[in-house]
Amino acid sequence: METPHLLKMEPGNNGSPLPAIRIFGVGRAGGGIVNGLESPEFDSSVLGVVDTDASALAGSRASVKIHLENKLLRGLGSGGDPERSRVLAEEHFATLKAACAGARVVLLVGGLGGGAASGILPVLARAAKESGALALAFVLLPFDCEGNQRAQLALAALKSIRESADGVVCLPSQKIFKLTDENTPVLEIFEATSRFLREGVRGVWQMIAQPGVMPVRIEDLCALLSCSHAECAFAFAEASGPARSRDLAEKILLHPMLEEGRALDEAGWVLVSLKAGRDLTMAEVNRVVDEIKKRSKSAQKMIVGTAMDAACKGQLCLTVIASRDARDGLRDAIPAIKVENTQTPVTLEPRQAAEPILTSLKSRGNKSRQVQGQLPLNIVAKSRFDKSEPTLYQGEDLDVPTYFRRGAPLN
Amino acid sequence: MFEENKIIAGIEIGTSKICVVVGELDHQGGLSIIGVGQARSRGVRKGEITNAQQAEEDVRNALYEAEKMADVEIRSVFLGVSGGHLRSFTNRGVHTVVSADREITEDDVQDVIKNAKAINLPADHSLIHAIRQHFYLDGRTGVTNPVGMLGQRLEVEMHVVHGQSTRLQNAIRLVRETQLDVEEIVFNGVASSLAVLNHEQKELGALMVDVGGGTTEYVAYVDGAIRYTGVLAVGGDHVSNDLAYGLKIPLSRAEQLKKSHGFALQNSGNNHEMISLSSEFGLPTKQVSLHNLHSIMSMRLEEIFELVMADLERQGLVRFLRAGVFLCGGTSRVEGILALAENVFQMSASKGETTGISGLTSALEQPEFATAIGLVKYGSLSKRTSKKSSKTGITLVREMFNKVLQRS
């Protein structure tokens, strides 16, 4: 089923320069992650850092360094106040926009919950979009032990990033903590969370920047990331040797970040990206994809891409992004999706699937789309309180289950 | 006469249970709990009586149990009331001191309190409490007893709790049917707060949230006085109903699950764990997801707290509550509820513990009994002050717990 794409080798992808990608690290965590991206692969010209703290910028190897500063801060940074850094970023909006100019995709990296990233990221995402690029954010949520103040700041920031960016990949640090050994030092755990996010950035970058015979379109990626209401789960694995494809499939299905494959069970969208040398065989692609497909039965969409890289001879790298409960999101993002697409639960034709997504992305701002009305069917919901006087609060009937009124999904 | 005063009984006609607590006042005025009786409540929804006959039967059962345990005869009770129809507001009374030397006398204090109590209630409402907060002397705050001080303008703030007369009468009638006298009616929230908050916490500023079966009552103390009270006709019953609806299981099973597997926070570890429900023969019948169970519960409980918080924010009280929030009521048994309360209220949360009362420790430790124990405590305070006032002629303290009852 992949043959049309294999035959149709698009000359533009091999000959033309890479799509212009910029990676911006925001704040201390974001800056650290961007600095850690290896030099041969990531040219320093694609990297940028944005911070309110001059000392953090000084050590960075990124070519673009934007120091947000005004007199009020007195060189002390944002002091953990996202509102302050947000105002600051708005002040420097033109600078941020200029930095994003010319890029097709802007990847934003940061750790939420502190002052800088929580405030700047949403503004930067907007700046990137206004300059004509797609904005994809990779964010870390704080550990539970960092206190609920940080957690709340982070959630608020995540919400505003979801609104302003095209796609968000969110990694709760607590998840990593659960995967590590009890006696791991703090420094190592923080390093591990950065590494996970870095792998994610690299995986996505690979998909876009090193397109192969089956390229993943950026629009697909954005549609996948933006329409998930819950967080995305992503995992990165590599294997080598004669049985590499089998090893790889095993590794990814047992990957802790995918909750040992359970994230795939519930995933609405799955994106699979393979990278290998020129020795990649079709059977290998088939095996890996098959294994993932078996696991993610409920997935409505599966996007597969492969990339060729002469450097990783003998190795097979795999990035999987699964977005949970995209069904609600799908309705928002793709109002005009064709019926034949939804009827087949797993489609492996990214081309065909991508068309409506692209149009929908363009017309997302268009509010006038028609939505099928739904009759309120809450006959059972009040059962116990049917006969008593309803408890009304600002027009809401509190007797109806809260999760029902808030529209929270149950799995 | 003395015998009669010694025994104090409180009755709470709650949504999930009817609870009678009997206390005994000793010679020094110390209070100890000597009897507890409870019965499952069948005729009450959201804190209000819906089936008087059934409720009366349950009340009799609870009374009988309490009398048997305490080995006394209950003649009169302090009755707790609650329900969504209760309203509260704060009223200010002003009085200009007319005497030549501007010294404030007992009469001036009585006058200003009388002025503060001159309130316009809706026609079908009657007063439950008028609680004195603080005096203001020429605009100066922090005056607790102005008698003997000099000043021109004396003001006082009163917190007024009132409710629909007919609905209050329903509860009173019900208790009278059982050949008992109702000494006073007391707002459940006020009673619970008396039971669980100590003097220091009240002085520091504290919030008491009693999440019961059908209603949630909350009382905020600032500077030692009740500053604000409120009721929300949402409680543990709603949690069970949500679960029954969301997990598609019978209500009784939902109630069981709430108690056995309930948790007030989302994302508590494993998302995919399932619980098997078994039929009465022990055969597995259905599986429900623990994750769903927790999300449904958490969302409801979170909403309850958020509504309370929103109300307090509207009153501008949040920053005065330095001692934090204290939870009681049956729903406060749910695991993780303290963490949830801390998240929502952004202040330290703890389980309210009954203080300053001796007696049956098994009863004192239960969060469900806080209201009924508080009623007894209210009764003891009320009796103590009335005794004192009859001796000294000071009726001022009595105003704190004034009785506006027996008007039917």
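The values are calculated or read from the model by the stated rules, or taken from the named source; none is laboratory data. Every value quoted in this text rests on a predicted model; they were computed, and no experiment measured them. Ideal geometry is used to build each Cβ from the backbone, glycine not excepted, and the neighbour counts take in all protein chains shown.
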Open item on the list: Scan segment B:210-220 and tell me whether some residue there is surrounded by 24 or more Cβ atoms within 10 Å (Cβ to Cβ), away from every other protein chain (no Cβ under 14 Å) and either free of Cβ contacts under 8 Å to residues at least 40 places away in the same chain or over 21 Å from B:VAL308 (Cα atoms) (or both).
Closed with: yes
Open item on the list: Can you tell me which of (1) within 14 Å of chain A (Cβ to nearest Cβ); (2) at negative phi is the one B:VAL59 doesn't meet?
Closed with: (1)
Open item on the list: Residue under question is B:LEU251, and the condition is that it be at pLDDT below 90 and either out of contact with any Gly (no Cβ under 6 Å at 6 or more places or on another chain) or within 9 Å of chain A (Cβ to nearest Cβ) (or both); does it hold?
Closed with: yes
TODO: Identify all residues within segment A:79-102 that are assigned to a helix (DSSP H, G or I) and within 14 Å of A:VAL26 (Cα to Cα); write none if there are none.
DONE: A:PRO82, A:SER85, A:ARG86, A:LEU88, A:ALA89, A:LEU96, A:ALA99, A:CYS100
Open item on the list: Can you tell me which residue is farthest from A:SER164 (Cα to Cα) among those in segment A:92-107 that are of a type in the set (Val, Ile, Thr) and modelled with pLDDT of 85 or more?
Closed with: A:THR95
Task: The listed residue being in contact (Cβ under 8 Å) with a residue 60 or more places away in the chain and charged (D, E, K, R), out of B:GLU12, B:GLU67 - done: B:GLU12
Task: Selection count where residues are surrounded by fewer than 21 Cβ atoms within 10 Å (Cβ to Cβ), under 20 Å from A:GLY200 (Cα atoms) and among the small types (Gly, Ala, Ser), scope segment A:135-176 - done: 0
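For every residue, the table says whether it meets (1) within 14 Å of chain A (Cβ to nearest Cβ); (2) in contact (Cβ under 8 Å) with a residue 40 or more places away in the chain; (3) assigned to a helix (DSSP H, G or I); (4) over 21 Å from the mean Cα position of the chain (by Cα).
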site	(1), (2), (3), (4)
B:PHE281	no, no, no, yes
B:GLN287	yes, no, no, yes
B:ILE304	yes, yes, yes, no
B:ASP311	yes, yes, yes, no
B:PHE326	no, yes, no, no
Open item on the list: Please determine whether any residue of segment A:322-333 is at pLDDT 70 or above and among the acidic types (Asp, Glu).
Closed with: no
Open item on the list: Taking the conditions exactly as written (buried (at least 21 other Cβ atoms within 10 Å of the Cβ) and either acidic (Asp, Glu) or away from chain A (no Cβ under 14 Å) (or both)), does B:GLY316 satisfy them or not?
Closed with: no
Task: strands (runs of 3 or more DSSP E) contained in segment B:28-97 and holding at least 2 residues of a type outside the set (A, V, I, L, M) and under 11 Å from B:ALA9 (Cβ atoms) - done: B:31-40, B:76-81
Open item on the list: Looking at B:ILE8, B:ILE49 in this structure, which one is within 27 Å of B:THR229 (Cα to Cα), aliphatic (A, V, I, L, M) and within 14 Å of chain A (Cβ to nearest Cβ)?
Closed with: B:ILE49
Open item on the list: Scan segment B:246-259 and tell me whether some residue there is out of contact with any Leu (no Cβ under 7 Å at 6 or more places or on another chain) and more than 24 Å from A:ARG384 (Cβ to Cβ).
Closed with: no
Open item on the list: Could you go through segment B:31-41 and let me know if any residue there is polar (S, T, N, Q) and over 19 Å from A:PHE385 (Cα atoms).
Closed with: yes
- [ ] Evaluate segment B:225-245: report whether one residue or more is in the same structural domain as B:GLY262 (by TED's automatic domain parsing) and among the basic types (Lys, Arg).
- [x] yes
Open item on the list: Can you find, within segment B:221-239, the residue that is surrounded by the most Cβ atoms within 10 Å (Cβ to Cβ) among those that are more than 11 Å from every other protein chain (Cβ to nearest Cβ) and over 16 Å from B:VAL161 (Cα atoms)?
Closed with: B:GLY236
Open item on the list: Could you check segment B:31-55 and list, in sequence order, the residues that are without any contact (Cβ under 8 Å) to a residue 24 or more places away in the chain and among the basic types (Lys, Arg)?
Closed with: B:ARG42
Task: Of the criteria (1) of a type in the set (A, V, I, L, M); (2) within 25 Å of A:LYS178 (Cα to Cα); (3) without any contact (Cβ under 8 Å) to a residue 60 or more places away in the chain; (4) touching a Leu at 6+ places or on another chain (Cβ under 7 Å), which one A:ALA157 fails - done: (3)
